[in-house]
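Worksheet: one structure, shown below.
The values are calculated or read from the model by the stated rules, or taken from the named source; none is laboratory data. Worth saying up front: this structure is predicted, and the values here are computed from it rather than measured. Here the Cβ positions follow ideal geometry from the backbone for every residue, glycine too, while neighbour counts run over all protein chains shown.
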Amino acid sequence: MAKPGDRVDWQDGKSLSECMIYMLEKEIMCDVTFRVGTDQSIIKAHKYMLASRSPVFYTMFEGSCPEKGEIIVPDINSEIFKALLKWVSHQCEVQGKTASGENMRKISGSLLYLVRFPFVNKEYFAKMIAHSALLTFEEVVSVFSSHDGRKNEFFTGSVRHSRLFNKKYTVLRHGRIGNKWTPYKDIINYDALSIKVNKNIELESVILYGPDGYVSSSAENLTVKILNDSGNEICSQKCESYMQSRELQTVNLSEPIELDSNKYFTVIIVGLKFEAHCGRDCKPDYKIDDIIVTFKNSPNCNTTTNVEQGQIAGIEFNV
């Protein structure tokens with residue numbers, strides 16, 4: 001305990017978490033600056049605090065192409081939103097409040113309106129956000145309406161891009177399309193391929209081979225997963241196959257994914273249960289204009305899909 005005349009430091013009498021909050025509030029030793037929203041409001045923070053609580057921020061600061069200088073955040077995507085929720089929940093704890101939707105809404109303030117709720121995964125929004133009281137009833141209705149293509153009056157409805165992409169490409173890897181591809185019956189099938197492109201791209205869609213015959217309702221569900229070059233999952237999207245025979249079917253990603261040049265990413269199709277068409281006479285490299293797309297076998301695959309044959313017909317992307 002400090003005696004009269006003793007020097008009192010701001011660290012005295014505080015727990016570690018209280019010291020961290022004090023440093024954040026007083027902007028002591030902050031080493032990253034965000035400019036947020038259309039008015040470019042400045043928010044200073046500590047990289048280690050953000051990275052320790054979120055893999056999104058860790059990749060942002062320590063990934064293969066780390067962010068440098070001030071970070072412009074005109075809006076907030078779904079992954080950053082999840083990190084924001086962790087931070088707001090912690091703020092509730094520090095302030096001795098219950099982490100209710102109403103309290104988190106008050107603490108997040110204007111940051112909430114930078115979140116691109118129309119592009120948050122629909123299932124996640126319905127289960128985790130719609131009934132949390134984080135949003136008002138009118139805001140929830142507006143987001144559900146935007147899923148049907150209506151303009152959202154509360155939240156941004158445009159996808160943020162840090163790069164400019166001008167031209168769309170479709171790459172199919174097969175020389176011909178075969179049939180009678182039968183999945184294994186006693187395991188969950190993971191059809192996987194690793195892919196790289198020699199340019200920075202914005203991945204929009206994954207093209208699958210369709211069913212070779214009728215598909216029952218119990219077998220129509222699939223999951224498309226995308227892993228980055230570090231093997232971390234950056235997308236997981238459920239989809240339903242066509243129920244009638246079809247050579248190809250396109251799965252549009254709920255939100256385009258920016259991927260760096262010459263870095264392998266992996267596409268995985270989880271849970272194929274029906275007899276499908278497939279690729280035959282496939283080649284590992286395809287060139288269109290000055291774009292080179294390379295396919296290679298993935299260790300995540302537990303079927304006979306490989307660079308020569310199998311599932312995953314191709315991709316659609318912007319350059």
Within the range 209-236, restricting to residues that are more than 26 Å from Gly178 (Cβ to Cβ) and of a type in the set (S, T, N, Q), the one that is farthest from the chain's Cα centre (by Cα) is Ser230
Any residue in the range 16-40 that is under 25 Å from Leu114 (Cα atoms) and surrounded by 14 or more Cβ atoms within 10 Å (Cβ to Cβ) sitting within a Cβ distance under 7 Å of a residue that is among the aromatic types (Phe, Trp, Tyr) and modelled with pLDDT of 80 or more? List the pairs, counting only those 6 or more apart or interchain. none
Gln309 fails exactly one of (1) in contact with a strand residue (DSSP E or B) (Cβ under 7 Å, 6 or more places away or on another chain); (2) without any contact (Cβ under 8 Å) to a residue 24 or more places away in the chain; (3) of a type outside the set (A, V, I, L, M, F, W, C), namely (2)
Name the one entry in Glu220, Glu247 that is more than 10 Å from Phe274 (Cβ to Cβ) and among the charged types (D, E, K, R). Glu247
Name the single residue that is nearest to the chain's Cα centre (by Cα) among those in the range 272-303 being surrounded by fewer than 16 Cβ atoms within 10 Å (Cβ to Cβ) and outside any strand (DSSP E or B). Pro299
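Being outside any helix (DSSP H, G or I) and polar (S, T, N, Q) is the filter here, so list the residues in the range 91-118 that pass it. Before the answer, list the steps.
Start the filter on the range 91-118 by keeping residues that are outside any helix (DSSP H, G or I), which leaves 95-100, 115-116.
Of everything in the range 91-118, those that are outside any helix (DSSP H, G or I) and polar (S, T, N, Q) turn out to be Gln95, Thr98, Ser100.
One line per residue, one yes/no per condition, for (1) in contact (Cβ under 8 Å) with a residue 24 or more places away in the chain; (2) crowded, with 16+ Cβ neighbours inside 10 Å; (3) in a loop (DSSP other than H, G, I, E, B):
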{"position": "Tyr169", "(1), (2), (3)": "yes, yes, no"}
{"position": "Gly178", "(1), (2), (3)": "yes, yes, no"}
{"position": "Leu193", "(1), (2), (3)": "yes, yes, no"}
{"position": "Lys199", "(1), (2), (3)": "yes, yes, yes"}
{"position": "Ile207", "(1), (2), (3)": "yes, yes, no"}
{"position": "Val224", "(1), (2), (3)": "yes, yes, no"}
{"position": "Lys238", "(1), (2), (3)": "yes, no, no"}
{"position": "Pro256", "(1), (2), (3)": "yes, yes, no"}
{"position": "Ile268", "(1), (2), (3)": "yes, yes, no"}
